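These notes concern the structure reproduced below.
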Amino acid sequence: MHYYSAKNIMKKFAVLGNPIDHSLSPQIHLEFARQSNISIVYIKKFVPLDSFKQIIQELKNDDFHGANVTLPFKSDAADIAQHKSKEVVETNSANTLTFNTHDITADSTDGNGLLSDLEIKIGSIADSNVLLLGAGGAANAIIPSLQKAKIKQLFLTNRTMRRANDMQQFWSKNYNNIHLMENIDLNDIHIIINATSAGVNSDESPIDLISANKNLICYDMMYGLKTPFMQMAEKSNLKCFDGLGMLIQQASLSFYIWHKQKVDTKKIEDDLRSII
Ligand code: NDP
């Protein structure tokens, strides 16, 4: 006689990072599963810095179906996969792994998550001039999606300009609308995206917004705290969004990859805003 316990039929997922305690991914995925009438297991897994490969093997041995990956393992996640989406190939960063019987598929939903959130919050960003602050993993990961949205010009700046310069050189091989902005001039900028981690390690905004034109849209990829960038945008009466919506949208895209179900993202955004 065959029988299946609930445990046997539930697909298992994890979010991997270091640190990982702060992650909201389990709550988000469990809400999407509830809406879709699917039972899943979704756990947080702390990964020691030198153990990413080993943990992936353990999850596979334990019949996990997939994993989300966060800092600092997104490039390890890209490297470990045999099949990679276009975004993963372009950015060498992956946040969604699917464990197939014999191999691993990697996707990156960060950039398209940001794009979906921007489209929900402000509509199409086609023909906009965008200033991107930061030259780390998050800034690089969103460039293909900004280009897919047909922005007009993309300006890059960073605390360490050498890194912004390297980034401009790298991406200019594929796109001809990317420029460095060493001396900040916000006159023709429509949207600023803050992809720095200045909100956690500094009480100063990475950019002065006081003289910005009043239609400038500000977006900080950080969530869970009001960063000095957000505070300055607010003081300057500018429209400003945090990165919670991006987090939720990238999760909904991961959820679609694994379950082929589209979900409503509004409820979980409202729920999380009331507790963070
Ligand atoms: P990295 O460590 O790779 O890069 C950090 C960037 O921030 C660098 O460009 C660094 O500049 C800059 N920076 C750090 N401190 C300061 C400061 N005090 N003033 C000015 N610039 C500073 O981080 P990530 O790119 O991975 O992440 C960046 C942010 O994006 C994080 O806050 C993260 O939480 C957020 N994020 C949000 C997501 C979401 O779903 N909402 C998804 C992914 C990331 P320098 O080169 O000079 O060191």
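Structure notes:
- Some residue of segment 98-116 being surrounded by 23 or more Cβ atoms within 10 Å (Cβ to Cβ), in contact (Cβ under 8 Å) with a residue 12 or more places away in the chain, away from the ligand (no atom under 12 Å from the Cβ) and among the hydroxyl-bearing types (Ser, Thr, Tyr): no
- Answer residue from segment 206-247, given it is more than 16 Å from the ligand (Cβ to nearest atom) and more than 20 Å from ILE125 (Cα to Cα) and is least open to solvent (accessible area, probe 1.4 Å) among those: SER236
- Test: residue in segment 254-272 that is in the same structural domain as ASN129 (by TED's automatic domain parsing), open to solvent by less than 10 Å² (accessible area, probe 1.4 Å) and small (Gly, Ala, Ser): no
- Qualifying positions in segment 80-92 - surrounded by 15 or more Cβ atoms within 10 Å (Cβ to Cβ) and assigned to a helix (DSSP H, G or I): ILE80, GLU87, VAL88, GLU90, THR91
- Only a single item in (1) in a loop (DSSP other than H, G, I, E, B); (2) without any contact (Cβ under 8 Å) to a residue 24 or more places away in the chain; (3) under 22 Å from SER93 (Cβ atoms) is not met by ASN176, and it is number (3).
- Given (1) touching a Phe, Trp or Tyr at 6+ places or on another chain (Cβ under 6 Å); (2) near the ligand (Cβ under 10 Å from one of its atoms), index of the condition GLN147 fails: (2)
- Single residue of segment 193-205 satisfying the filter (at pLDDT 90 or above and over 16 Å from the mean Cα position of the chain (by Cα)) that is nearest to the ligand (Cβ to nearest atom): ALA198
- Only residues that are part of a loop (DSSP other than H, G, I, E, B), hydroxyl-bearing (Ser, Thr, Tyr) and open to solvent by less than 20 Å² (accessible area, probe 1.4 Å) were counted across segment 6-43, and they come to 1.
- Count of segment 93-120 residues which are under 16 Å from the mean Cα position of the chain (by Cα) and not in a loop (DSSP other than H, G, I, E, B): 15
The values are calculated or read from the model by the stated rules, or taken from the named source; none is laboratory data. None of these values were measured; they are calculated from a predicted model. Neighbour counts run over all protein chains shown; Cβ positions are idealised from the backbone, glycine included. Calculation scope for accessible area: heavy atoms of the full protein, side chains included, ligands and nucleic acids excluded. Shrake-Rupley method; radii C 1.70, N 1.55, O 1.52, S 1.80 Å.
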